[in-house]
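To keep things clear, I will list the structure first and then write my remarks on it.
The values are calculated or read from the model by the stated rules, or taken from the named source; none is laboratory data. Given the structure is predicted, the values throughout are model-derived calculations rather than measurements. Using ideal geometry, Cβ is built from the backbone for each residue, glycine included, and neighbour counts are taken over all protein chains shown. Remember, those area values only see protein heavy atoms, side chains included, never the ligands or the DNA or RNA. Shrake-Rupley method; radii C 1.70, N 1.55, O 1.52, S 1.80 Å.
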Amino acid sequence: MRPAVRPVEPRDAVRLLVLDPHAGTWVDLEIDALPEVLRAGDLLVVNDAATLPASLHGRTRAGEEVELRLIGPPEQDCWQAAVLGAGTWRQRTEDRPLPPELFEGDRIDFGGGGLVAEIRGRTPVSARLVELTFDRDGAALWEALYRVGRPVQYSHLEEDLELWSVQTLFAGRPWAAEMPSAGRPLSWRLVQRLRSRGVGLVSITHAAGLSATGDPAIDAALPLPERYEVPSSTVQAIRDTKQMGGRVIAVGTTVTRALEGAAAAHGGRLEPGAGVTDLVLDAHFEPRIVDGLLTGMHEPTESHYRLLEAFVERTVLDSAVAHAIEAGYRTHEFGDCTLVLTE
């Protein structure tokens with residue numbers, strides 16, 4: 001499939017491949033048809049995390065250029081980040097030169113008012129996955145991050161992204177390293193039509209992580225453990241939906257991971273609250289909460305593809321992807337969508 005190379009405007013101008021995993025069939029539609037495909041009483045669950053300006057370019061005290069890509073929100077003022085070498089997003093992550101090795105106590109200066117990060121440690125996953133703190137906190141830190149940071153982006157794109165272009169309509173707390181992109185095509189016009197047809201909409205917050213880093217050890221471990229929070233109102237809406245025979249449809253793999261991870265932490269019963277999930281969904285996992293998934297188009301080499309196997313057998317999934325390639329569907333964060341309904 002060919003990648004979408006720029007933000008789609010209007011945001012709901014994307015195609016929709018509706019996949020029936022039981023019949024092994026699919027149909028080509030536009031996302032505008034979503035209200036007709038769903039039923040009154042169904043419930044969409046979106047990720048309301050805002051996208052961080054998570055790409056920070058700086059220099060070590062020795063003058064070596066590095067890029068830090070923040071991974072989600074901090075834990076007690078300690079952030080986690082992947083370290084890339086010199087270069088820009090226009091190069092493939094795997095083609096970037098290796099960064100200098102960083103050790104505890106090393107400092108990185110990002111300019112733009114003197115923002116400085118200090119390395120606090122390295123993770124067992126890779127020496128390029130580090131923990132750090134900044135030289136300020138609170139409003140002063142957030143102001144500096146939004147001044148010097150940029151959204152994470154990749155070489156399939158044609159131009160620099162603005163931070164507003166990688167936000168969904170539901171964006172609230174800045175938790176996501178990359179945009180929870182499955183929700184981007186949901187325009188206010190489309191949401192209004194869904195609600196008018198009796199489809200509910202609620203949210204969770206999930207710290208959507210990085211898609212790739214160029215470090216084989218980190219990329220093999222993706223998705224990393226990620227924070228989530230499920231409000232009590234969302235839990236109640238899901239319980240009510242299931243009791244009335246409706247379907248719970250996750251908008252994106254991050255929502256799926258949050259809901260199923262939260263349920264796994266309570267013996268299969270979804271409870272409200274916050275946590276961290278390391279749950280990996282694949283062909284061996286049987287979803288307990290989610291009855292359907294609205295997601296982007298994913299290539300077989302991506303980690304998201306493995307998650308889809310929790311909903312669709314690999315042979316059916318491969319056939320659908322082969323069709324999507326022939327039909328010209330677009331991949332990546334501004335690409336087209338797939339809807340999988342298991343009921």
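Numerical summary
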item	result
In segment 190-201, residue least open to solvent (accessible area, probe 1.4 Å) [restricted to those that are out of contact with any strand residue (DSSP E or B) (no Cβ under 8 Å at 6 or more places or on another chain) and assigned to a loop (DSSP other than H, G, I, E, B)]	Gly198
Segment 21-58, subset charged (D, E, K, R) and not in a loop (DSSP other than H, G, I, E, B), residue surrounded by the most Cβ atoms within 10 Å (Cβ to Cβ)	Asp32
Every pair of residues 6+ apart whose Cβ atoms lie under 6 Å, when the first sits in segment 163-176 and is aliphatic (A, V, I, L, M) while the second is part of a strand (DSSP E or B)	Val166/Thr51; Ala171/Ala50; Ala176/Thr51
Lone qualifier among Thr256, Thr295 - being outside any strand (DSSP E or B) and open to solvent by less than 50 Å² (accessible area, probe 1.4 Å)	Thr256
The lone exception for Val18 - which of (1) in a loop (DSSP other than H, G, I, E, B); (2) surrounded by 14 or more Cβ atoms within 10 Å (Cβ to Cβ); (3) of a type in the set (A, V, I, L, M, F, W, C); (4) in contact with a Leu (Cβ under 9 Å, 6 or more places away or on another chain) it fails	(1)
Any pair with Cβ under 9 angstrom, 6 or more apart, that starts in segment 61-81 at a residue that is without any contact (Cβ under 8 Å) to a residue 60 or more places away in the chain and assigned to a strand (DSSP E or B) and ends at one that is open to solvent by less than 40 Å² (accessible area, probe 1.4 Å) and among the charged types (D, E, K, R)	Glu67/Arg96; Ala81/Arg69
Qualifying position, being buried (at least 19 other Cβ atoms within 10 Å of the Cβ), under 21 Å from Thr295 (Cα atoms) and of a type in the set (S, T, N, Q), among Ser211, Ser187	Ser211
Answer residue from segment 298-319, given it is open to solvent by less than 20 Å² (accessible area, probe 1.4 Å) and under 15 Å from the mean Cα position of the chain (by Cα) and is modelled with the highest pLDDT among those	Leu308
Filter result for His323 (open to solvent by 30 Å² or more (accessible area, probe 1.4 Å), in contact with a His (Cβ under 6 Å, 6 or more places away or on another chain) and either in contact (Cβ under 8 Å) with a residue 12 or more places away in the chain or among the small types (Gly, Ala, Ser) (or both))	no
From Arg147, Arg120, Arg136, residue being in a loop (DSSP other than H, G, I, E, B) and either surrounded by 13 or more Cβ atoms within 10 Å (Cβ to Cβ) or in contact (Cβ under 8 Å) with a residue 24 or more places away in the chain (or both)	Arg136
Filter result (within 18 Å of Pro225 (Cα to Cα), surrounded by fewer than 16 Cβ atoms within 10 Å (Cβ to Cβ) and in contact with a Phe, Trp or Tyr (Cβ under 9 Å, 6 or more places away or on another chain)) within segment 78-92	none
